[in-house]
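All remarks here apply to the structure that follows.
Readers should treat all values here as calculations from the given coordinates under stated rules, not as data from a laboratory. Remember, predicted model here, so these are calculated numbers, not experimental data. Here the Cβ positions follow ideal geometry from the backbone for every residue, glycine too, while neighbour counts run over all protein chains shown.
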Amino acid sequence: MKDAFGNDVTTQSAGTIDAVDRFSSSLLGNGTDFGIVFEASDADPDCGLVAALGGLLGLFIETADRLDLADRYLDRALAAALQATEREQLFIEALVAARQNNLPKALSCHRRLAEKYPRDLLSAKIAQTLYFNLGDDEGMLWVADQIIDAHRDTAYAHGMRAFGLEQMSRLEEAEEEGRRATEMLRCEPWAHHAVAHVMITQGRLDEGVKWMEDLSPEWDGCNSFMYTHNWWHLALFHLENENFEGAVAMYDSHVWGRDKTFSQDQINAVSLLWRLELAGVDVGDRWIDVADYVAARSLVNDQPFLDMHYVYALAKGGQVEALAELMAGMEETAVCDPDFTRGNWRDVALPASQSFVAFSKGDYKSTIRLLGPAHNHMQKIGGSHAQRDLFEQVWIHSLLQENEFSTVLPLIKERLAFRKPVKLDQSLMASAQARAGLD
Ligand SMILES: [Fe+2]
């Protein structure tokens, strides 16, 4: 039978096809209809593809039994793979490799799928996420470029390409693609998000507020990652415009509270609270609640970018034991992780996290010492340019606190020259100059 994109699926069950399509549109459109693949696979165990989707779901949910679920469904997918098509076999191989933490192999399978089976939009979406986690902007765009001709009529494909273009700093094309996707399908939150990235990168804050506010009703049915992340972007426009009250109100009403146990909700909250504090805003006791939820996590030391946020929340919320455990886990990962990613933990995530603990205590000298070698290599830990800018702000604030004016003033000048001047950067420059005794 065929799925909604015309890909062959080895099954005779309409229920399986329905589950594959619902799962795919949830992943591509940032919805919530994922669990259906478990039932569908249990009812149709000979379909390798739907079993592989069960395995994928096990890999991205965050419950304690996640890996057991992943293994159960991936084992079933492997058993069914002999009867599967070449596309399905490659898809299964990619997910099994991802489960084994063999990212080069997983990416190589997804690349072959993008080249040979560009109708497989789900595989391309997974590949773009893997590249995102590795800070590989070229990979993110490459995979979208491979599939776009096969999906000219699909908004999600244009949304994916928009984000790849944005991360490659091809901003005008990114905005065009993002707007196109939104016109094709108003509820394409990933495309809204790509255009928001363009606007923040160019300092178009008022436009950004309008763009995101107009589209925000479309996010109500999104999964908590997309919902809180798009609201985070909207709050960021307010914050950089020095509308601090607006940003705090958005934190309370939308950014924190959707699913407090989920990693992405937590890091959106951490990132916003941290930036508010850097801007001089008193965030009250908000760290306590975030830190409580971060301390309760069973899944940590999985992505360097996430750990680097968790660390700061735990430090700010006084979660001493959980912080010590997280750091010990990072130290181990920095030694034991596969070759492909080990250096990212050892040379970037671990020293940066140690520097953030120092920063939380006001020890700016140690922050500079630890963050210095890592801060120019932040791209390797994944996330977007806009997200990683937080770490650059920590670097700048630490240098300022230590009166390192000859290093820090050119950095702030560069920020102002890089985009349309925004209030937050202008205030930063004014306070730096005042501190340095300059006009
Ligand atoms: Fe973003």
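Straight Cα distances below 18 angstrom link residue 116 to the lysines 2, 105, 125, with same-chain residues fewer than 8 positions distant left out.
Helix 224-240 and the longest principal axis of the C-alpha atoms of the chain enclose an angle of approximately 30°.
Per-residue ellipticity at 222 nm, computed for the chain from helices alone with -39500 (n - 2.57) per DSSP H run of at least four residues, works out to -22500 deg cm²/dmol. Positive end of the dipole of the chain (Cβ unit charges, origin at the Cα centre): among 350, 215, 107, the Cα lying farthest that way belongs to 350.
Listed values for region 380-394 are Karplus-derived 3J(HN,Hα) couplings in whole Hz (6.51 cos²θ - 1.76 cosθ + 1.60, θ = phi - 60°), namely 5, 8, x, x, 9, 4, 5, 5, 6, 4, 3, 5, 5, 5, 5, and x replaces Gly and Pro.
Charging the Cβ of each Asp and Glu at -1 and of each Lys and Arg at +1, and nothing else, the dipole of region 1-125 about its Cα centre rounds to 540 debye.
Size descriptors for region 1-125 (Cα atoms only): Rg and Dmax, in that order, 12.9, 36 Å.
Here the 3J(HN,Hα) profile of region 32-47, calculated from phi with Karplus coefficients 6.51, -1.76 and 1.60 at θ = phi - 60°, is 10, 8, 10, x, 3, 5, 5, 4, 4, 5, 4, 7, 9, x, 7, 8 Hz, Gly and Pro shown as x.
When the charge dipole of the chain is built from unit charges on Cβ atoms (+1 for Lys and Arg, -1 for Asp and Glu) and taken about the Cα centre, the candidate among 192, 162, 91 whose Cα reaches farthest toward its positive end is 162.
Against the chain, whose longest principal axis is taken from its Cα atoms, helix 286-295 shows a tilt of about 40°. Using Cα-only point scatterers and the Debye equation, what is log10 of I(q)/I(0) for the chain at each q in 0.07, 0.09 Å⁻¹, rounded to two decimals? So the normalised log intensities work out to -0.35, -0.58. The angle separating the long axis of helix 304-316 from the principal Cα axis of greatest extent in the chain is about 50 degrees. Looking at region 206-258, what % of the alpha carbon pairs are farther apart than 19 Å? Of all Cα-Cα distances in region 206-258, 17 percent exceed 19 Å. Once C-alpha pairs closer than 8 Å and six or more residues apart are averaged by separation and normalised to the residue number of the chain, the relative contact order reads 10 percent.
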